Amino acid sequence: MIKILSLLLFILLLSDVKSQEEQQQDKSKLKYNPFNTPIANQADIWELKFGSGHMSHNGFVSNKFAFNFKLHYFYELNFSASQNYAIAVGIGYGFQQLKLKGVFEKSTQGSFLNTENNSNISNNRLNVNSVSIPIEFRIKSFQNIKLYLGYNFSFPLMTNLKYNQESNEMEVKNIAPISELQHGPTLRVGIKDVFLFARYGVQNSFSSENSNLFVFGVSLGG
């Protein structure tokens, strides 16, 4: 009788362990379904970009180095337990400085005056502050090599034109004819958390001029 009870107890324990294992497997499968349940290893990621912007076929902007800075927060959604494929959506702040060939005149509602031959006006630069929304499809290898293909939307909030006139620094805000929406494809290639990036503006940066902005540089994070 004791042997029979012991055998029944053993069978019940074995059945319970098997049931728990099946439940754990089901949870594991569910864990990596990004559309049904939160994923424990999804990442909140900060990304920092430093680069230079150059504009093609443009009568406003010179070919001098133009500083670019962006700070993004990303939420990364993994599609598998290996985390080799993911979609990331972000939001952030962007700063772009453009070195100009002249100035936008406040008295004529933003018309452009070329000052390259005017020795009294120098160091013309336009600072653009914007909010950006990047979307990336991320491919990661086991050797920590990463390829991110994306698209970026930028919404300029404020422009600040600065230049030196004789010995005085002049400043004019929100006079430049900047496009309200700027967008284009992006590419990031890197190892671990260090990337080279490039971004091309499909939309003209200036609403009154053929002005596609190409930006490249170094990206940290992600």
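Being closer than 30 Å to Ser119 by Cα and among the aliphatic types (A, V, I, L, M) is the requirement here; does Ala176 meet it? When the stated conditions are applied, Ala176 passes them.
Quick one: is Asn144 within 19 Å of Met170 (Cβ to Cβ), more than 15 Å from the chain's Cα centre (by Cα) and of a type in the set (S, T, N, Q)? Steps first, please.
Working: within 19 Å of Met170 (Cβ to Cβ): no; more than 15 Å from the chain's Cα centre (by Cα): yes; of a type in the set (S, T, N, Q): yes.
No, not satisfied.
Do you know which residues across segment 106-142 are free of Cβ contacts under 8 Å to residues at least 24 places away in the same chain and part of a strand (DSSP E or B)? Result: Ser111, Leu113.
Applying the criterion of being modelled with pLDDT under 75 and in a strand (DSSP E or B) to the residues of segment 40-58, the residue that is nearest to the chain's Cα centre (by Cα) is Asp44. If only one of Ser141, Ser132 is within 24 Å of Gly222 (Cα to Cα), surrounded by 20 or more Cβ atoms within 10 Å (Cβ to Cβ), among the hydroxyl-bearing types (Ser, Thr, Tyr) and modelled with pLDDT of 85 or more, which one is it? Result: Ser132 is the single residue among Ser141, Ser132 that is within 24 Å of Gly222 (Cα to Cα), surrounded by 20 or more Cβ atoms within 10 Å (Cβ to Cβ), among the hydroxyl-bearing types (Ser, Thr, Tyr) and modelled with pLDDT of 85 or more.
Out of all the residues in segment 143-154, is one or more assigned to a strand (DSSP E or B) and touching an Asp or Glu at 6+ places or on another chain (Cβ under 6 Å)? Step through it out loud before you land on a result.
So in segment 143-154, the residues assigned to a strand (DSSP E or B) come out as 145-154.
Then keep just the ones that are touching an Asp or Glu at 6+ places or on another chain (Cβ under 6 Å); that gives 148, 150.
Looking for residues that are assigned to a strand (DSSP E or B) and touching an Asp or Glu at 6+ places or on another chain (Cβ under 6 Å), one finds at least one in segment 143-154, hence yes.
The residue of segment 158-193 that is surrounded by the most Cβ atoms within 10 Å (Cβ to Cβ), among those that are in contact (Cβ under 8 Å) with a residue 40 or more places away in the chain and not in a strand (DSSP E or B), is Ala176.
Based on what the data block shows, is Lys146 loosely packed, with under 14 Cβ neighbours inside 10 Å, closer than 25 Å to Leu220 by Cα, among the basic types (Lys, Arg) and assigned by TED's automatic domain parsing to the domain that holds Phe69?
Values: loosely packed, with under 14 Cβ neighbours inside 10 Å: no; closer than 25 Å to Leu220 by Cα: yes; among the basic types (Lys, Arg): yes; assigned by TED's automatic domain parsing to the domain that holds Phe69: yes.
No, not satisfied.
The values are calculated or read from the model by the stated rules, or taken from the named source; none is laboratory data. Values in this document were obtained by computation on a predicted structure and should not be read as measured data. No Cβ is skipped: glycine too gets one built from the backbone with ideal geometry, and neighbour counts run over all protein chains shown.
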